[in-house]
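Accompanying notes for the structure given below.
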Amino acid sequence: MTGIIGKVIRIGARQSKLATIQAELVAAEIKKHNPEIEITLVGIKTTGDKILDKTLDKIGGKGLFVKELDHALRRGDVDICVHSYKDVPAEDNPELPIIAVSPREDPRDVLILPKEVFALNPAKPVGCSSKRRQAQFAEIYPGIDIQPVRGNVLTRLEKLDRDEFSALILAAAGIKRLELWERVSRVFDLTEMTPAVCQGILAVQGRAGEDYSYISEYNDADAWDASLAERAFIRRLGCGCGAPVGVFAQISGSALSLYGMIARDNAIHRDEVSGDRKNASELGAKLAQKMI
């Protein structure tokens, strides 16, 4: 790899502890295959991290978690950015392409109770800002009040332990990466709480036309094809990251099965398709069309 020796890679990520851990995971993989490279982490505070008194759908959706990182890439302040792929808008940006994805961490959602508490308290709301989670949780636990909660994972857990909520619904992947699995009270099955698009996958974003051969060995083929199918699904539906929609791709050999859910008209609609993983994007669009 010509030009690798002495190269310094600046990795941009959000400033939260979880985002830092995720960037460090990518950095470790780059170093493993390219020990000559020096890596610097650059923390960037995003609009989504700054505005915490409104739900995301009121201030522009999950794209607010990547906008400042996009600007840093364009300006050349960083060389690559690491995102939770579920936060990346569905429309691909040819100027700032996704150049690699991680192996998928646990894609499920989990229920977390306050410390030393072992059952939901119906007198207090469950903290959850996701319409997708809210709709599916209401089907599992009818009659339980659900209220929005903002902030990073650790901030939400602090609110929970201050007795502001009876429970939180969070992504298993983040809880595992933060090494907080002992806090989990229930793990939801993928068919009862279908995850967000690309939940559990990290996306590495770069600039078009640059040499990213140093990260090529990091890219996970299964997660890549799963992400193609899942992102094609929400693109065809024409909905943003905050819509009450879930989707999950499972890959076995050359086969890809795609399971989707949409909450609308006070009901949850589910369907699935399967086919060859070579046609991942087409399968995502096909499932969306069936559900439309």
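The values are calculated or read from the model by the stated rules, or taken from the named source; none is laboratory data. Since we're looking at a predicted model, the values are computed, not measured. Note: ideal-geometry Cβ built from the backbone for every residue, glycine included; neighbour counts use all protein chains shown.
List of remarks:
- The single condition among (1) within 21 Å of HIS33 (Cα to Cα); (2) part of a loop (DSSP other than H, G, I, E, B) that GLU217 does not satisfy is (2).
- Residue match in region 109-122 (condition: closer than 28 Å to GLU68 by Cβ, buried (at least 17 other Cβ atoms within 10 Å of the Cβ) and under 16 Å from the mean Cα position of the chain (by Cα)): yes
- Candidate set from region 123-149 (those that are aliphatic (A, V, I, L, M) and assigned to a helix (DSSP H, G or I)); member that is surrounded by the fewest Cβ atoms within 10 Å (Cβ to Cβ): ILE140
- Residue in region 188-198 that is more than 27 Å from HIS83 (Cβ to Cβ), buried (at least 19 other Cβ atoms within 10 Å of the Cβ) and not assigned by TED's automatic domain parsing to the domain that holds ASN266 present: no
- Matching residues, region 239-272, being at pLDDT 95 or above and over 18 Å from MET193 (Cα atoms): ILE251, SER252, GLY253, SER254, ALA255, LEU256
- Positions within region 279-292 being over 18 Å from CYS198 (Cα atoms) and in a helix (DSSP H, G or I), in sequence order: GLN289, LYS290, MET291
- Filtered by the rule that a residue be charged (D, E, K, R) and either assigned by TED's automatic domain parsing to the domain that holds ASN266 or touching a residue at least 40 places away in the same chain (Cβ under 8 Å) (or both), region 138-171 gives GLU139, ARG150, ASP161, ASP163, GLU164.
- Members of region 184-214 found to be outside any loop (DSSP other than H, G, I, E, B) and either touching a helix residue (DSSP H, G or I) at 6+ places or on another chain (Cβ under 7 Å) or of a type in the set (Ser, Thr, Tyr) (or both), listed by number: VAL184, SER185, VAL187, LEU202, ALA203, VAL204, GLN205, SER213, TYR214
- Considering region 218-266, and only residues there that are of a type in the set (D, E, K, R) and farther than 17 Å from ASP92 by Cβ, the residue that is surrounded by the fewest Cβ atoms within 10 Å (Cβ to Cβ) turns out to be ASP265.
- Those residues of region 33-51 which are out of contact with any helix residue (DSSP H, G or I) (no Cβ under 8 Å at 6 or more places or on another chain) and modelled with pLDDT under 65, in sequence order: LYS50
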